[in-house]
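Scroll down for the structure; my scribbles are underneath it.
Values in this text are rule-based calculations from the coordinates and carry no lab data. It should be emphasised that the depicted structure is a prediction, and the values quoted were computed from it without experimental measurement. Virtual Cβ from ideal backbone geometry, glycine too; neighbours counted across all protein chains shown.
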Amino acid sequence: MHDSPRPHGQVLPAPDHINERIRTLMDEPPTQERRDAYLRLLLLWAEVSDDDLTTAA
């Protein structure tokens, strides 16, 4: 999947790249920093994955 454009020329990473970052993060010891990073990555994943979602009836 290609990266998605953002305002001001910023580019979002592809969902597969975010998933890999999450997997790598989960190998680290559980800390507050890991929890914060996980939340940021989940929010980013949701942002780039919106196009793939189908609205439920």
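Among 31-39, 18-26, the peptide with the highest mean count of other Cβ atoms within 10 Å heads the list, and the full ranking is 18-26, 31-39.
The amide H of Leu12, built 1.01 Å from its N in the peptide plane, has Ser4, Arg6 as neighbours under 5 Å, considering only residues 5 or more places off or on other chains. The modelled label-to-label distance for the pair Tyr38/Leu12, using points 7 Å beyond Cα in the direction of Cβ, is 2.3 nm.
Computed from backbone phi, the HN-Hα couplings of segment 12-17 come to 7, x, 5, x, 4, 5 Hz, rounded to whole numbers (Karplus: 6.51 cos²θ - 1.76 cosθ + 1.60, θ = phi - 60°; Gly and Pro given as x).
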